[in-house]
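First comes the structure, then the notes that go with it.
The values are calculated or read from the model by the stated rules, or taken from the named source; none is laboratory data. Here the structure is a predicted model, which means the values were calculated and not measured. Cβ sites come from the backbone with ideal geometry, for glycine too, and all protein chains shown count toward neighbours.
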Amino acid sequence: MTKRALVCGAGGFIGSHLVKRLKKEGFWVRGVDLKYPKFSETEADDFINGDLRDPVVAREAVDCRFDEVYQLAADMGGAGYIFSGENDAAVMHNSALINLNVLEACHRRNTRRIFYSSSACIYPEYSQRDASNVSLKEDTAYPAAPDSDYGWEKLFSERLYMAFHRNYGMEVRIARYHNIFGPEGAWNDGKEKAPAALCRKVAMADDGGNIEIWGDGNQTRSFLYINECLEGSIRQMRSDFMGPVNIGSDEMVSINGLAAMIMRVAGKKLNFNHVPGPLGVRGRNSDNELIEQRLGWRPTEPLVRGLEKTYPWICTQVQIAAQRQSART
Ligand code: NAD
């Protein structure tokens, strides 16, 4: 019998890629989102264009048996969105409602297996003050002290999923994503993250010119290519391991280092202009011991391979935007 999957957040970056992957595997897929994917047609068999803050929409989405439910819908964005402080109420309210509604709808329909995308942002700020030594093990989440309300909501929702597991026997799977990037992600709408933002800046700059980098650029992170994220998520979904588990790369890089890598991919030499901006924690890296131990898997490709696939896509977006602009003037 054809397997059925529900992808909440199917109009978003990771969700739209996940739909494609599940279709390749032969699933019948229903997507739900406030919006359709921005950069390509959805491949979902059925797409509910609806608001999961509304419990009626959540119940409509889960109106039949699903083998796999992926809950990726959230009000989220990059540092410029999460750390400005201006979106905290919306982020917490919207994402908490989505999780409450989707879990309740799955429970009502006796849908047992649900994957939840949590985030590296749940880790305490106090363990991420050093740019050089910040590998985050899953069991260091408590005592909790995330540095953003986005992180607090994710932590609350992790607990919500675990409570539904304990009290109702739901087979929840919780992953903590660490900075996922790739083609067809936000690149210029204020929700883009560092790899996309830097690819855009490099693509728009003339060789020998300048690009702006927020802060001193010595803050560190790791970045995981979208296909690796999907592989890790699906493996966890089909395993007996509830998590929470990190799904991230442990190839830590400074933001200056990331920009330099993109410049090499682009074949451009540019100067950095360091400007004030929202920064988040000083350092963050994924610790992959647990995922390796429990799923026998870790990301397979270095950061640069993902950038080699992402940079050309962003270059094309920049060119299309420029053509549209000049057609208008
Ligand atoms: P995204 O913003 O591209 O996708 C989220 C989708 O949720 C969007 O399409 C949005 O329209 C949808 N959504 C928001 N509110 C909704 C509502 N009320 N009803 C229905 N749909 C709604 O983000 P993404 O990068 O694809 O992230 C997917 C998930 O992974 C999110 O939960 C995010 O918090 C988590 N995550 C992502 C990253 C990353 O680096 N991309 C890192 C950590 C965690």
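Just a yes or no: is a residue in the range 197-217 within 16 Å of the ligand (Cβ to nearest atom) and closer than 29 Å to residue 93 by Cβ?
Yes - at least one qualifying residue is present in the range 197-217.
Pull out all pairs, ordered by first then second residue, where Cβ-Cβ is under 7 Å, the residues are six or more apart or on different chains, the first lies in the range 84-103 and is modelled with pLDDT under 95, and the second is of a type outside the set (Phe, Trp, Tyr).
Between residues of the range 84-103 that are modelled with pLDDT under 95 and residues that are of a type outside the set (Phe, Trp, Tyr), the close pairs are 84/278.
Quick check on this structure: which one of 282, 294, 305 is farther than 29 Å from residue 147 by Cα and either among the charged types (D, E, K, R) or touching a helix residue (DSSP H, G or I) at 6+ places or on another chain (Cβ under 8 Å) (or both)? Give the steps one after another, and end with the answer.
Numbers: 282 fails: farther than 29 Å from residue 147 by Cα; 294 fails: farther than 29 Å from residue 147 by Cα.
Answer to the check: 305.
Please verify whether the range 304-314 includes one or more residues that are buried (at least 16 other Cβ atoms within 10 Å of the Cβ), among the hydrophobic types (A, V, I, L, M, F, W, C) and in contact with a strand residue (DSSP E or B) (Cβ under 6 Å, 6 or more places away or on another chain).
No, every residue in the range 304-314 fails to be buried (at least 16 other Cβ atoms within 10 Å of the Cβ), among the hydrophobic types (A, V, I, L, M, F, W, C) and in contact with a strand residue (DSSP E or B) (Cβ under 6 Å, 6 or more places away or on another chain).
Is there any pair with a first residue in the range 54-67 that is more than 13 Å from residue 8 (Cα to Cα) and a second that is of a type in the set (A, V, I, L, M) and away from the ligand (no atom under 13 Å from the Cβ) whose Cβ atoms are under 8 Å apart and which are 6 or more apart or on different chains, and what are they?
67/5
For the range 158-176, which positions are among the basic types (Lys, Arg) and away from the ligand (no atom under 16 Å from the Cβ)? I'd like the intermediate steps shown before the answer.
Going through the range 158-176, the residues among the basic types (Lys, Arg) turn out to be 159, 166, 173, 176.
Residue satisfying the conditions is 166 alone.
Just one of (1) outside any helix (DSSP H, G or I); (2) within 11 Å of the ligand (Cβ to nearest atom) trips up residue 81, so point out which.
(1)
Look at the range 64-81 and say how many of its residues are buried (at least 19 other Cβ atoms within 10 Å of the Cβ), hydrophobic (A, V, I, L, M, F, W, C) and more than 13 Å from the chain's Cα centre (by Cα).
2
If a residue must be more than 11 Å from the ligand (Cβ to nearest atom) and not in a loop (DSSP other than H, G, I, E, B), how many such residues does the range 103-157 contain?
Step one: list which residues in the range 103-157 are more than 11 Å from the ligand (Cβ to nearest atom), which gives 103-114, 123-149, 152, 155-156.
If we keep only those that are not in a loop (DSSP other than H, G, I, E, B) too, we end up with 103-108, 113-114, 125-127, 135-136, 138-140, 149, 152, 155-156.
Looking only at that region, the number is 20.
Mind checking which residues of the range 1-25 are among the hydrophobic types (A, V, I, L, M, F, W, C) and under 12 Å from the mean Cα position of the chain (by Cα)?
Step one: filter the range 1-25 for residues among the hydrophobic types (A, V, I, L, M, F, W, C), giving 1, 5-8, 10, 13-14, 18-19, 22.
Passing the criteria: 13, 14, 18.
Does residue 275 qualify as being farther than 18 Å from residue 117 by Cβ, at pLDDT below 95 and out of contact with any Pro (no Cβ under 8 Å at 6 or more places or on another chain)?
On the way: farther than 18 Å from residue 117 by Cβ: yes; at pLDDT below 95: yes; out of contact with any Pro (no Cβ under 8 Å at 6 or more places or on another chain): yes.
When the stated conditions are applied, residue 275 passes them.
If you scan the range 11-35, which residues turn out to be near the ligand (Cβ under 9 Å from one of its atoms) and either within 16 Å of residue 101 (Cβ to Cβ) or surrounded by fewer than 16 Cβ atoms within 10 Å (Cβ to Cβ) (or both)? Show your work before the answer.
So in the range 11-35, the residues near the ligand (Cβ under 9 Å from one of its atoms) come out as 11-18, 32-35.
Listed by number, the residues that qualify are 32, 33, 34, 35.
Can you tell me which of 180, 114, 174 is touching a residue at least 24 places away in the same chain (Cβ under 8 Å), in contact with a Leu (Cβ under 6 Å, 6 or more places away or on another chain) and of a type outside the set (Ser, Thr, Tyr)? So that I can check it myself, show each step before the final result.
Values: 114 fails: in contact with a Leu (Cβ under 6 Å, 6 or more places away or on another chain); 174 fails: in contact with a Leu (Cβ under 6 Å, 6 or more places away or on another chain).
Result: 180 is the single residue among 180, 114, 174 that is touching a residue at least 24 places away in the same chain (Cβ under 8 Å), in contact with a Leu (Cβ under 6 Å, 6 or more places away or on another chain) and of a type outside the set (Ser, Thr, Tyr).
Cβ-Cβ distance below 9 Å, separation of 6 or more or different chains: which pairs start in the range 264-278 with a residue that is surrounded by 15 or more Cβ atoms within 10 Å (Cβ to Cβ) and end on one that is part of a helix (DSSP H, G or I) and aromatic (Phe, Trp, Tyr)?
These pairs meet every condition: 265/311; 266/311; 278/81.
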